[in-house]
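Reviewing the structure listed below.
The values are calculated or read from the model by the stated rules, or taken from the named source; none is laboratory data. Predicted model only: the values in this text are computed from it and were never measured. Glycine gets a Cβ as well: all are built from the backbone with ideal geometry, and neighbour counts include every protein chain shown.
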């Protein structure tokens, strides 16, 4: 697979091989499960505000279409490359299969730091990217969503651009849109809310009193901030948070509602309080009940895993834990309960599915119905994972991924190989 490379892609391959070995998947069947169906690379030229022309490289990887259209976010970040996008698409496949959604996995992105773009430049780049992707996406082919560096507004530009080329409004081409443009109630908070819901469930089952519990959250974007806020409302003391600008710590608990407002107003945690400043490197290894890594991939390596002093790891980010760290956590699973990423952060794609269904039907639900259905799907997937882990005596990640890979493999075997 020379098309794809990089540490994140290598990690996705390593994880898959562990599952394939566990499921005794024949060697000749593995490539069909792992290698993406399609990878698209596009150039996206735009006029900068200073009159110059800049060209950005964009990607979209569609992993498989066996269970339905592909589904996945689009990220704007300087780190984006084809290997990273392919890995995220593969993980999305297992996530959708685990939660029972009728999708294959996809992911897209542009290698750009959006903070270096003006609003006009961001709109131009967003529209150009969608224009280049139109031959490869569609409501029943590949449905986009927000990810790191993108938001509701970018999704609205995507939808509008696609609709202009179709000559009609096609709200179902993307999810994570503003409610005013065909989005669903409860989508913006869905991922972080799901992280907190599953965390609460584990705490309850382990007999951890929420009102005496503590949490540390790495990453204060959409996922981390909402997860922190939900945990705060549940009575958990969030003692540390961090983002790309630094970290804050307070042993008696941070004022999370105030922090959320500050981050939304200023774009980061920077400038909130110098008295609460803390070493960001220490957030992961703080003594606490719950650790929520909700930032980037590969932040928990074997060395960090050895030093963890939490009782629950709730993976809000995609791929925050390396395969080497998984080996450590497997040995420590009696001490630390892992809620793996493909389950823990799946609330976003679950509610994206609801948005897609509502757009197709033009029949919209109340937010209470959205949340109820989200929790129902998450709880069902959690039950399956726990039962599988107990039955096979395996690590939670192995159990969750095995369920996902098994469903995709079963569908491929049933459909057969064309021609």
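The table that follows gives values for the structure above.
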| read-out | value |
| --- | --- |
| Strands (runs of 3 or more DSSP E) contained entirely in region 1-79, each with at least 3 residues that are over 23 Å from residue 345 (Cβ atoms) | 38-47, 53-62 |
| Any hit, region 138-147, residues being part of a helix (DSSP H, G or I), under 14 Å from residue 351 (Cα atoms), touching a strand residue (DSSP E or B) at 6+ places or on another chain (Cβ under 7 Å) and at pLDDT 95 or above | no |
| Of residues in region 384-410 being free of Cβ contacts under 8 Å to residues at least 60 places away in the same chain and within 22 Å of the chain's Cα centre (by Cα), the one surrounded by the most Cβ atoms within 10 Å (Cβ to Cβ) | 399 |
| Region 389-407, residues that are in a helix (DSSP H, G or I) and either assigned by TED's automatic domain parsing to the domain that holds residue 335 or in contact with a strand residue (DSSP E or B) (Cβ under 8 Å, 6 or more places away or on another chain) (or both) | 396, 397 |
| Test: residue in region 83-93 that is touching a residue at least 24 places away in the same chain (Cβ under 8 Å), surrounded by fewer than 24 Cβ atoms within 10 Å (Cβ to Cβ), under 25 Å from residue 397 (Cα atoms) and in contact with a helix residue (DSSP H, G or I) (Cβ under 7 Å, 6 or more places away or on another chain) | yes |
| Wholly within region 234-300, strands (runs of 3 or more DSSP E) carrying at least 3 residues that are within 19 Å of residue 320 (Cβ to Cβ) | 237-243, 290-293 |
| Test: residue in region 170-182 that is touching a strand residue (DSSP E or B) at 6+ places or on another chain (Cβ under 6 Å) and in a helix (DSSP H, G or I) | no |
| Filter result (without any contact (Cβ under 8 Å) to a residue 60 or more places away in the chain and within 22 Å of residue 250 (Cα to Cα)) within region 200-219 | 200, 209, 210, 211, 212 |
| Candidates 317, 325, 381 - the one that is surrounded by 15 or more Cβ atoms within 10 Å (Cβ to Cβ), not assigned by TED's automatic domain parsing to the domain that holds residue 156 and not in a helix (DSSP H, G or I) | 317 |
| Criterion: surrounded by 19 or more Cβ atoms within 10 Å (Cβ to Cβ), in contact with a helix residue (DSSP H, G or I) (Cβ under 8 Å, 6 or more places away or on another chain) and part of a loop (DSSP other than H, G, I, E, B) - qualifying residue of 200, 193, 187, 127 | 187 |
| Residue in region 29-49 that is surrounded by fewer than 24 Cβ atoms within 10 Å (Cβ to Cβ), within 21 Å of residue 340 (Cα to Cα) and touching a helix residue (DSSP H, G or I) at 6+ places or on another chain (Cβ under 7 Å) present | yes |
| Any chance residue 105 is part of a strand (DSSP E or B), modelled with pLDDT of 95 or more and within 14 Å of residue 154 (Cα to Cα) | no |
| Among (1) surrounded by fewer than 20 Cβ atoms within 10 Å (Cβ to Cβ); (2) in a helix (DSSP H, G or I) - the single one residue 353 does not satisfy | (1) |
